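J.: The structure follows.
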Amino acid sequence: MTAPRFDNHFVAELPGERDGGLQPHAVEGALWSPVAPTPVAAPRLVAYSAEMADALGFDAADIADPLFAQVFAGNALYPGMQPWAANYGGHQFGQWAGQLGDGRAISLGEVVAADGRRWELQLKGAGTTPYSRGADGRAVLRSSIREFVCSEAMHHLGVPTTRALCLVGSGEPVVRDMFYDGHPRAEPGAVVCRVAPSFVRFGSFELPTSRGDVALLRQLADFTIARDFPELRGQGESLYADWFAQVCERTASMVAQWMRVGFVHGVMNTDNMSILGLTLDYGPYGWIDDYDPDWTPNTTDAQRRRYRFGWQPQVAHWNLGRLAQALAPLFGDVQPLRAGLERYLAAYARAEREVVAGKLGLAQAGDADVALMAELQSWMHVAQVDMTLLFRALMDIDPERPDFAALDAAFYDPGRREAALPVLDGWWLRYAARLREDPLDPAVRRQRMRLANPRYVPRNYLLQQVIDRAEQGDEAGIGELLEVLRHPYDDQPGREAYAARRPDWARERAGCSMLSCSS
């Protein structure tokens, strides 16, 4: 095979430590540590993304070569790979946590693809690093399946995200106490290769500032702008201000897309926030079934619900505030940072209106339309209606002669249907009146709604079914689900089961309703 061409700017241009060893320690004055993946017993390719493989220049023969599984399990390296673990800090659940770093993620290098795009390849679950804090640096199959599938599903949904190249089984057990309740068990181990132009996080900038290392902060900011924001011009504070404003706008766009499709990140710590505005770190995430703005999938957050679905836009703004504090030493006056935070609010308001317009089939949305959407969402919450099914069904209802039978499949509690539909009647009268004044042709409206409201999303129970099969030795379900999720906006005959609402058995089951950070 022809190995990808590596051009590792991160380790070439930024300071790293040289001889720190793998024991947990404070890494100061450095943004990375050299560390080799820890080999596994029996690497075996479980699944891969054909689109991502093609983007990186791998063909079918490359993927079939045993060396591919060896490399992406951490047992071998292609020429030009230069593994490292990144050093960063972060605010976790609202509290400063100090140095964190890549505790089980090891970047292999930066690939320059044939189209000129730059991709960083990173293994998750590849062994210990100086940032493992006493943990084993490994990952289990269940969480690895979830990350692999969701990374690619989000891309096809049109949500800014890191990607995934492949999933490799390690042939080794990994012991995890899934709910931290004193009942650990051995689970199959796995390694995911995730891919992004950059894995730099908000926390990457927070750590140098927390230590008073302004020179290192400035070096990282200059590097990030030059490599990842080459379209920005200028210098000094003006350049930093333009960059921060763009980070704010990208973050707003990302979160608005989460809200559009019903994605709940579950652990929006600042070390899990990408400087590029990409969905990063698929841990205890989940998908809204019955619409509930207070739902979070993370058991660690079950009491406070800091990272609940409806609060995600506000949390993103708070996180950007922490990034602004970290960047403040680069400014003589913090007003440009305040302006960037205002840009977030304005950008999110615009993005929210675009989401409302798409989901309701409007040419554009104003304040009254946002209020109309909020009223519908309130009704959905009270009625326990499935978010994905409800919005997909709207485009099949005649505005002038509504027949709500199309919504029957969306109700989780049939007993609430009779009480809920008269309330919906009143809302529908206002919605139909709004459509009459909208300039969109009905066919255009339907297409607009189709592309804003997915038929298929990686529902929690679908992923759990795939995980159950894989843990019993049947891994075919991973590819089957991924193939459906490659076309989330298309009706796929014969695959209707993938669009069904959550079954009753999944309402309280672990992995379907609540998840933990133990992975």
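The values are calculated or read from the model by the stated rules, or taken from the named source; none is laboratory data. On a predicted model such as this, the values are computed, not experimentally measured, just so you know. No Cβ is skipped: glycine too gets one built from the backbone with ideal geometry, and neighbour counts run over all protein chains shown.
J.: Considering segment 64-74 alone, what residues qualify as being surrounded by fewer than 22 Cβ atoms within 10 Å (Cβ to Cβ), in contact (Cβ under 8 Å) with a residue 60 or more places away in the chain and of a type in the set (A, V, I, L, M, F, W, C)?
T.: Correct list: L67 only.
J.: Can you name the residue in segment 2-20 that is in contact (Cβ under 8 Å) with a residue 24 or more places away in the chain and in a helix (DSSP H, G or I) and, of all such residues, is surrounded by the fewest Cβ atoms within 10 Å (Cβ to Cβ)?
T.: Only one residue tops the list, namely E13.
J.: Could you list, in sequence order, the residues of segment 57-110 that are of a type in the set (D, E, K, R) and over 22 Å from D19 (Cα atoms)?
T.: Hits for segment 57-110 are D59, D62, D65, E110.
J.: Within segment 321-338, is there a residue that is assigned to a loop (DSSP other than H, G, I, E, B), at positive phi and among the charged types (D, E, K, R)?
T.: no
J.: Suppose we filter R401, R350 for residues that are at pLDDT below 95 and closer than 30 Å to A433 by Cβ; which single one remains?
T.: Numbers: R350 fails: at pLDDT below 95.
Just a single option satisfies the conditions, and that option is R401.
J.: From the list V27, V46, which residue is part of a loop (DSSP other than H, G, I, E, B), of a type outside the set (D, E, K, R) and touching a Gly at 6+ places or on another chain (Cβ under 8 Å)?
T.: Working: V46 fails: part of a loop (DSSP other than H, G, I, E, B).
Only one candidate passes the filter, namely V27.
J.: While we're on this one: Would you confirm, using the coordinates I've provided, whether E51 is modelled with pLDDT of 95 or more and either more than 30 Å from E483 (Cβ to Cβ) or in a helix (DSSP H, G or I) (or both)? Step through it out loud before you land on a result.
T.: Numbers: modelled with pLDDT of 95 or more: yes; either more than 30 Å from E483 (Cβ to Cβ) or in a helix (DSSP H, G or I) (or both): yes.
Yes, satisfied.
Residue-by-condition table, conditions (1) in contact with a helix residue (DSSP H, G or I) (Cβ under 9 Å, 6 or more places away or on another chain); (2) part of a loop (DSSP other than H, G, I, E, B); (3) modelled with pLDDT under 95:
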{"residue": "L22", "(1), (2), (3)": "no, yes, yes"}
{"residue": "A36", "(1), (2), (3)": "no, yes, no"}
{"residue": "V40", "(1), (2), (3)": "yes, yes, no"}
{"residue": "F68", "(1), (2), (3)": "yes, no, no"}
{"residue": "A85", "(1), (2), (3)": "no, no, no"}
{"residue": "A97", "(1), (2), (3)": "yes, no, no"}
{"residue": "L108", "(1), (2), (3)": "yes, no, no"}
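J.: Name the single residue that is nearest to the chain's Cα centre (by Cα) among those in segment 46-65 being acidic (D, E) and farther than 20 Å from G477 by Cβ. Walk me through it before giving the result.
T.: Here is the first cut: in segment 46-65, the residues acidic (D, E) are 51, 54, 59, 62, 65.
From what's left, farther than 20 Å from G477 by Cβ: 54, 59, 62, 65.
On the way: D54: 22, D59: 27, D62: 28, D65: 30 Å.
Per the criteria, the residue is D54.
J.: Another question, then. Name the residue, out of G134, G158, G182, that is modelled with pLDDT of 95 or more, on the phi > 0 side of the Ramachandran plot and either under 14 Å from the mean Cα position of the chain (by Cα) or surrounded by fewer than 23 Cβ atoms within 10 Å (Cβ to Cβ) (or both).
T.: Answer to the selection: G158.
J.: Sticking with this structure for a sec: Limited to segment 443-474, what total is found for residues that are farther than 20 Å from R163 by Cα and not in a helix (DSSP H, G or I)?
T.: 5
J.: Report whether or not P293 is in contact (Cβ under 8 Å) with a residue 60 or more places away in the chain and out of contact with any strand residue (DSSP E or B) (no Cβ under 7 Å at 6 or more places or on another chain).
T.: The answer is yes for P293.
J.: Given the residues A506, A497, A510, A470, which is the only one that is free of Cβ contacts under 8 Å to residues at least 24 places away in the same chain and hydrophobic (A, V, I, L, M, F, W, C)?
T.: Only one candidate qualifies: A497.
J.: Next question. Which members of segment 314-353 meet the condition of being crowded, with 17+ Cβ neighbours inside 10 Å and among the charged types (D, E, K, R)?
T.: Hits for segment 314-353 are R322, R343, E352, R353.
J.: Test R260 against the criterion of being basic (K, R), under 21 Å from P454 (Cα atoms) and at pLDDT 95 or above, and give yes or no.
T.: When the stated conditions are applied, R260 passes them.
J.: Residues G101, G80: which one is at positive phi, within 24 Å of the chain's Cα centre (by Cα) and part of a loop (DSSP other than H, G, I, E, B)?
T.: On inspection, the qualifying residue turns out to be G101.
J.: Hey, another quick one. Testing R502 on (1) assigned to a loop (DSSP other than H, G, I, E, B); (2) buried (at least 21 other Cβ atoms within 10 Å of the Cβ), one condition comes back false. Which one is that?
T.: Evaluating R502 over (1) assigned to a loop (DSSP other than H, G, I, E, B); (2) buried (at least 21 other Cβ atoms within 10 Å of the Cβ) leaves (2) as the failure.
J.: May I pose another question? Of the residues that make up segment 249-264, is at least one of a type in the set (F, W, Y) and buried (at least 18 other Cβ atoms within 10 Å of the Cβ)?
T.: yes
J.: Then there is this: Taking L376 as the residue in question, decide whether it is modelled with pLDDT of 95 or more, buried (at least 17 other Cβ atoms within 10 Å of the Cβ) and either of a type in the set (S, T, Y) or assigned to a loop (DSSP other than H, G, I, E, B) (or both).
T.: no
J.: With R416, R430 as the choices, which residue is among the basic types (K, R), under 17 Å from L390 (Cα atoms) and in a helix (DSSP H, G or I)?
T.: Going through R416, R430 in turn, the sole match is R416.
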